[in-house]
Amino acid sequence: MSAQRELTYLEAVRECMSQEMRVNQDVFIMGEDIGVYGGAFGVTRGMIEEFGKERVRNTPISEAAIAGAAVGAAMTGMRPIVELQFSDFITIATDQIVNQAAKNRYMFGGKGKVPLVLRTPSGSGTGAAAQHSQSLEAWMAHIPGLKVIQPSTAYDAKGLLKAAIDDDNPVIFYEHKLLYRTKGHVPEESYSLPIGKADIKRAGTDVTIVATAIMVHKALQAAVELEKEGISVEIIDPRTLVPLDIETIVESVKKTGRVVVVHEAVKRGGFGGEIASLIAESEAFDYLDAPIKRLGGKAVPIPYNPVLEKAAIPQEQDIIQAVKETVFR
Amino acid sequence: MSAQRELTYLEAVRECMSQEMRVNQDVFIMGEDIGVYGGAFGVTRGMIEEFGKERVRNTPISEAAIAGAAVGAAMTGMRPIVELQFSDFITIATDQIVNQAAKNRYMFGGKGKVPLVLRTPSGSGTGAAAQHSQSLEAWMAHIPGLKVIQPSTAYDAKGLLKAAIDDDNPVIFYEHKLLYRTKGHVPEESYSLPIGKADIKRAGTDVTIVATAIMVHKALQAAVELEKEGISVEIIDPRTLVPLDIETIVESVKKTGRVVVVHEAVKRGGFGGEIASLIAESEAFDYLDAPIKRLGGKAVPIPYNPVLEKAAIPQEQDIIQAVKETVFR
Amino acid sequence: MVINVSVPSMVTEKKLVELFRQMWVIRFFDEKVDEFFAKGMIHGTTHLCVGQEASAAGAIAVLEDRDKITSTHRGHGHCIAKGAEANRMMAELFGRVTGYCRGKGGSMHIADVEKGNLGANGIVGGGIPIAVGSALTSQMKQLGYVTLCFFGDGASNEGSFHEAMNMAAIWNLPVVFICENNQYGMSGSVKEMVKVANIADRAAAYGIPGAVVDGNDIFAMMNVTHESVERARRGEGPTLIEAKTYRWKGHSKSDAKKYRTREEEMDWRNNRDPIERMKRVLISEGIFSEQDAARIEAEARAEIEDAVKFAEESPMPPIEILEEDVYA
Amino acid sequence: MVINVSVPSMVTEKKLVELFRQMWVIRFFDEKVDEFFAKGMIHGTTHLCVGQEASAAGAIAVLEDRDKITSTHRGHGHCIAKGAEANRMMAELFGRVTGYCRGKGGSMHIADVEKGNLGANGIVGGGIPIAVGSALTSQMKQLGYVTLCFFGDGASNEGSFHEAMNMAAIWNLPVVFICENNQYGMSGSVKEMVKVANIADRAAAYGIPGAVVDGNDIFAMMNVTHESVERARRGEGPTLIEAKTYRWKGHSKSDAKKYRTREEEMDWRNNRDPIERMKRVLISEGIFSEQDAARIEAEARAEIEDAVKFAEESPMPPIEILEEDVYA
Ligand SMILES: Cc1ncc(C[n+]2csc(CCOP(=O)(O)OP(=O)(O)O)c2C)c(N)n1
Ligand SMILES: Cc1ncc(C[n+]2csc(CCOP(=O)(O)OP(=O)(O)O)c2C)c(N)n1
Ligand SMILES: [Mg+2]
Ligand SMILES: [Mg+2]
């Protein structure tokens, strides 16, 4: 039964790229080791065999040039997908993404467009330590001209990646390393999910959790535990940070009166502050029965040791505790 | 009378550097055009004449190497000050600042230290357009291992820069272009202001404005207008974003019950979200008589035309209006 | 440096006269801008290419319309040479809605995408990888166009230069890199900031040809660029051309020029003025007369006066456009 | 490649024997790590330098204690050669608090600041500008030390390489760049990713000497590094050395090695093993016997077994240290 068809998150990303590349010659992918190696996480495995090395283009280890070449190609009619091996390496491509891709069209008074997708794995949990485990999506979300996507499921990944490829603007597409192997229902046919529409991953009445990426799954687990204690949790996954579907969040908070915002990124300066503030500025403010709670990573670089690594970011227990503090205030 | 001694913000920065360089041979400054040219804004003018070209070191146009060389020099016993010509160019030095300087000590388990100061002008208002006018301090404030300073007056600039130079950690020191020519009282002798201590720039009772950098001045102007209408404004200048003196802010909000947070940086994902959220999470929450208001830049690259440029960021009138909305809610 | 008097065979006499006129347009444009900045009439900053007209005009002269360029902060010359209208450029500097960027870009961001100018760039070295991407499109879609990538001597010390050159080299892309070595990157003398005699020597690090050319000799510029462009068009990959030239004015609007001598400036002005040199050649080759030259100069000057008028009479952008153009 | 049998004169026989032992320690260390990763006993990832022992050991052998190095993600060899203890390194990979980084860094971040190892680096090319900064300290404070900067062939395509090389060149800094060209940057063959025959050819772009050396010949490594280090110490500036070598193992813990052939691997293993080559020379030069060699090998193996024991018996870091060490 096709409704039962399951893919991993990683396969969903690959399937989307392959389907788009079959129908649109302008779409191609470039990045380090995406050819026979299949990419550091295996996302592009098998693609060079189907599409050849022109369209699955192995690059030198030159992140600034990779991003910049994608900008130039996008401006002149291609629709490049860049695979940036780890999202931490955006630190080498920052100028091209932030000063060029994001601003070109505006600086040029509305001329030209930069339809590029930068796909990149983020997050901790693999023991890769401080320079390979960051969650810097808040940076990109701060930049006018970029769109920012963070899918949490295979289904969302496929549909949102198609939307990103179809979009005429630069889109930063964060894939979470620990989600790559997670499975979910994914239709075979190509489909698109709207950029800017949050998803209610679980309906509930007592408290709203706004969670992104892997935190969606930790929140779902927490919700099961909390339900046993009679707390009904609604979980909202914004899916896209820019544009952000604040309406769906506000509606939920008006209903529940309590909210916990959780992400893996360092809490200080993380996008949770934006979400929390938007809620506080919205009509939901008057419905709040408890202060808005934020959970995020500790203010430390991600350590190597697995116990420390886990402790650096919110876990299921932290979410449970935060919800209880919010509910039993 | 020495208490009357006035310097511009720019002179205060220069005086601090010169005084520190006189007493400490390990301190030196490197950057583009800081020699006979005196730096793009004239901050280092005259310094090469006093200290020579070894210690006022003109670099090639190589921001990654400048930052990286500063990291290496700092790790081995120097105390470099980097002048990054425009803060937008941090996009080329991001890896060295964020992945190296900020994380070295932690990754190495507490060994080594990176006492460097990166001084850089930020903000709009000079007509330099989208790639030379950004306010990206929220990025740096999100990174554990960095300290982030944003002085708004000549007095603060001198004292905080000394603290930054004396600090054993990498410090990002944002200077606002439009403040360079503003004057204020600055003692001649060397002095240090604590990193992590907010300053109450104006005392008041009805509403708290938390403002940074140039917004401190716009808020002060707004306060004068508001006073005429009987609204007493307290203005808090955090001065340092990391570490942030949230206590002083919370105390003020508990007193006034109303708060407006204002910065020049794009509102979406700006550090105002962090400040607003911290207030909402604090004991001040129960004292709030109105939702926390944030003002920040519009979600656009900074345009060239001066009218548009001004409209892209909060102005005195916007602050007045926001305060009134908060007070007369 | 000697004047290369070999007049390129690939252009008509008419085109040569047109190029002469273009150089004057470039010069008058920038001198006018200089004047306005000195008077505080223009907001922001600008970087003038007075003295460097030949490298822009000469290199771009050999392109086809479909070919593309990427430009720099010092980009007015490139822009005019690639076919932009002086009036819309001037309007942009005046921040008017009729400007190339609707007043949103200013001097550092003028682009003329339709004409194949992918934009000036406020980031030193920022345009180099973009040119590589444009060349990639040409190669992948087999469009046959070549991308000319301008940057300065100072930019050749940016990492983006290195990464982009290598990428273009290994992929054999149809891009021609033109380093306009005007001896300084802001205040940094190339002698101090680079330890090789020529920036073009860096081509050796990428396995591509490098060529040094007198950038104030428009004929030499045309010849060497033509050769490199045709090479690229034939699929033989990139070339790095270094055009030795000089900027007469300061780096940007305020520059005391302490890092160089007035004598050096005078030497370049008096002995290597690219316009004067072209004029002498065209006259000695019998292509036009001294009077023709004077008339053309006057026409160019008038064109700039018209541009100023156009700019001054153009409306300011309405405030509503502030939030437009962020997304396509 | 021929074996360079000129045994360097600047080292004693005792030191040569010690270096032989050191190469075995490096190899056994990495083979052990490989085994643990294969068994899933170690968290994270690692990059093994098996087959590349001579470039690390040989280059560092000619340094003085006060000299410094910057290393890479493939840094265990550099670390051991610069005097780190195998047990504290192994403990680090086990994530133990007794490790060099208290378990916070892991394989990619081992540093030994006291011994002058400024750290491995998870960012390709990230250490190159840092080495330049370290050299700047030496020059400014007239400390007389030299910094050896290791990086791979792949890293030579990063902008940081370019910017740092140029800066070191123009400032004449006491730094020696050693590119360990092991033929691949992850899956990218240097033949595909670079269009010049030798990475060392890139030295020409900076006006500094470049040298190609057989990186699997420890004697050649010592000789060329010695010369470059002494040159740097004399204040004559940087050198770029390219050590041609090969990594026997995959890039990191999971690598199907589809981008190269088993024959190529076997050729390097069987015909250019740096340890085997050194052994043959030391025996033929009468420095030790076959039996001595076997004994040393066994000792090195035992040292690693001890290191494993030390690591296994070491405590995990207490959770309280999570928030320590962020700021000095
Ligand atoms: C990344 C970056 N660094 C520094 C600057 C400031 N800046 C603008 S132009 C310039 C000099 C550029 O020199 P060069 O490349 O030789 O071009 P020229 O100005 O001589 O035409 C500098 C330092 C910048 N805009 N971008
Ligand atoms: C900036 C950056 N880009 C990419 C990577 C992923 N990566 C790690 S090692 C490596 C290959 C490096 O090749 P090379 O410099 O030749 O060193 P080798 O691994 O061969 O020793 C890559 C691509 C990284 N860690 N950092
Ligand atoms: Mg120049
Ligand atoms: Mg390699």
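For this structure, a couple of remarks:
- Here the residues B:Asp286, A:Asp33, B:Asp167, ranked from fewest to most Cβ neighbours within 10 Å of their Cβ, fall in the order B:Asp286, B:Asp167, A:Asp33.
- Using just its DSSP H runs of length 4 or more, each adding -39500 (n - 2.57), chain B gives a mean residue ellipticity at 222 nm of -10500 deg cm²/dmol after division by all residues.
- Over all other residues within a Cβ to Cβ distance under 12 Å of A:Val262, the charged ones net out to 0, with Lys and Arg as +1 and Asp and Glu as -1.
- Helix-derived mean residue ellipticity, 222 nm - over chain C, DSSP H n ≥ 4, -39500 (n - 2.57), to 500: -13500 deg cm²/dmol
- Degrees separating the helix B:316-327 axis from the principal Cα axis of chain B, which is the longest one: 50 degrees
- The order of D:Ser252, B:Ser232, going from fewest to most other C-beta atoms within 10 Å of their C-beta, is B:Ser232, D:Ser252.
- Crossing angle, helix A:271-281 versus chain A [Cα axis fit, 0-90 degrees, rounded to tens]: 50 degrees
- Mean separation of Cα pairs under 8 Å and 6 or more residues apart, divided by the residue count, gives segment A:214-329 a relative contact order of 31 percent.
- Position C:Ile319, label points 7 Å along Cα→Cβ, spacing to each other copy in nm (shortest first, one decimal): 5.5
- Basic side chains Lys and Arg get +1 at the Cβ, acidic Asp and Glu get -1 at the Cβ, and with that the dipole of the protein assembly as shown about its Cα centre reaches some 300 debye.
- Efficiency of FRET from Cβ geometry, C:Arg269 and A:Asp166, R₀ 51 Å, rounded to 0.05: 0.40
- Segment A:91-164-segment C:142-171 distance, computed between alpha-carbon centres (Å): 24 Å
- Annotation: peptides B:66-79, D:113-126, ranked by per-residue average of other Cβ atoms within 10 Å with the highest first, follow the order B:66-79, D:113-126.
- Using C-alpha pairs below 8 Å separated by at least 6 residues, the relative contact order for chain D is 24 percent.
- The mean number of partner chain beta-carbon atoms within 10 angstrom of a residue's beta-carbon across peptide B:29-36 is 4.
- With Cα atoms, 0 to 90° folded angle of helix A:154-166 axis to chain A main axis: 50 degrees
- Minimum Cβ-to-axis distance in chain B for the rotation onto chain A, with residue, whole Å: B:Gly273, 2
- Listed residue (A:Ala223, B:Val36, A:Pro115) projecting farthest to the positive dipole end of the protein assembly as shown, Cβ model: B:Val36
- By other beta-carbon atoms within 10 Å, ranking B:Thr182, A:Thr208 with the fewest at the front produces B:Thr182, A:Thr208.
- Placing +1 on the Cβ of every Lys and Arg and -1 on the Cβ of every Asp and Glu, with no other charges, gives chain A a dipole of roughly 300 debye about its Cα centre.
- When peptides C:283-291, A:253-261 are ranked by their average number of other Cβ atoms within 10 Å per residue, the highest-first order is A:253-261, C:283-291.
- Gyration tensor (alpha-carbon) shape descriptor, the protein assembly as shown, a/c threshold 1.5: rounded
- Proximal charge balance of A:Ile236 [Cβ under 12 Å; K/R count +1, D/E count -1]: -1
- Around the Cα centre of segment D:146-294, unit charges on the Cβ atoms of Lys, Arg, Asp and Glu (plus for the first two, minus for the last two) sum to a dipole of about 340 debye.
- Alpha-carbon centroids, segment C:44-116 and segment B:21-65: separation in whole Å: 33 Å
- For B:Ser192, inter-copy separations between label points set 7 Å beyond Cα along the Cβ vector come to 5.9 nm, shortest first.
- Pairwise centroid distance, computed over Cα atoms, of segment C:230-254 with segment C:178-226, Å: 7 Å
- Dividing the mean sequence gap of close Cα pairs (under 8 Å, 6+ apart) by how many residues chain A holds gives a relative contact order of 16 percent.
- For segment C:205-293: rounded, prolate or oblate by the Cα gyration tensor [a/c cutoff 1.5]: oblate
- For chain C, complete DSSP H runs whose alpha carbons reach 27 Å or more along their own long axis and whose mean Kyte-Doolittle score is -0.5 or higher are C:13-38.
- Computed from the C-beta positions of B:Thr205 and C:Lys39 and an R0 of 51 Å, the FRET efficiency is 0.60 to the nearest 0.05.
- 7 Å along Cα→Cβ, label-point gaps from A:Gly42 to other copies, nm, shortest first: 6.3
- In chain A, a dipole from Cβ-located charges (positive for Lys and Arg, negative for Asp and Glu) runs towards its positive end, and of A:Leu178, A:Gln19, A:Gly77 it is A:Gly77 whose Cα lies farthest in that direction.
No lab work stands behind these numbers, since they all come straight from the coordinates. Predicted, not measured: the structure shown is a model, and the values here were computed from it. Here Cβ is always computed from backbone atoms with ideal geometry, including for glycine, and neighbour counts include all displayed protein chains.
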